[in-house]
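The next block holds one structure in the form of structure tokens; read it before the comments.
FYI, it's all coordinate maths here, none of it is from the lab. Keep in mind that what you see is a predicted model, and the values were worked out from it rather than measured. A quick note on method: Cβ atoms are made from the backbone with ideal geometry, for glycine too, and the neighbour counts reach across all protein chains shown.
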Amino acid sequence: MKILSVFIENKPKKLSKIIEELSREGISISGLAIADAGDFGIVRLITNDVKKGASILSKHEMIANIQEVVGVNMENSNVADVARILGENSINIEDALGYGFMDNQKILVLKVDNIELANKVLSKKGFKIY
């Protein structure tokens, strides 16, 4: 799964500018997380088109990157199970971006040190992966 990460100044109207520009071009947002780093921050977005979203924001002089993450369907599970399975397979969870939605399903979005292995082991345990 891929998300859009946007580096922004931590000031009023900066987040709304991102959302407005994406919405104006038909990009829908189904998940949002913000990491505060003082005067700046990183906004992480689950969108219906990360490539188009990155292109749109770049045209407006915003720094936008596409980031690979693991999206785990959480409709019939819990975070403890996911963390345990990843830990048992020596996969480190580096960041938890929180919850979002894909196909009207609640998903947990994680940055891990081995995405390919995480997707494989979680799929094998019956999780739907995005």
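Calculated mean residue ellipticity, 222 nm, the chain: -9500 deg cm²/dmol, from DSSP H runs (n ≥ 4) at -39500 (n - 2.57) each, averaged per residue and rounded to 500. Rounded to the nearest 20, the Cβ-based charge dipole of the chain about its Cα centre (Lys and Arg +1, Asp and Glu -1) stands at 260 debye.
Which of the peptides 52-61, 87-96 is most tightly packed, and how do the rest follow, going by the mean number of other Cβ atoms within 10 Å of each residue?
Listed from highest to lowest mean packing, they are 52-61, 87-96.
Exposure proxy ranking for VAL6, VAL72, based on other Cβ atoms within 10 angstrom of each Cβ and starting from the fewest, stands as VAL6, VAL72. Quick one: grab the alpha carbon gyration tensor of region 39-105, order the square roots of its eigenvalues as a ≥ b ≥ c, and give me rounded if a/c is under 1.5, else prolate or oblate depending on whether a/b is larger than b/c. Note, shape of region 39-105 comes out prolate.
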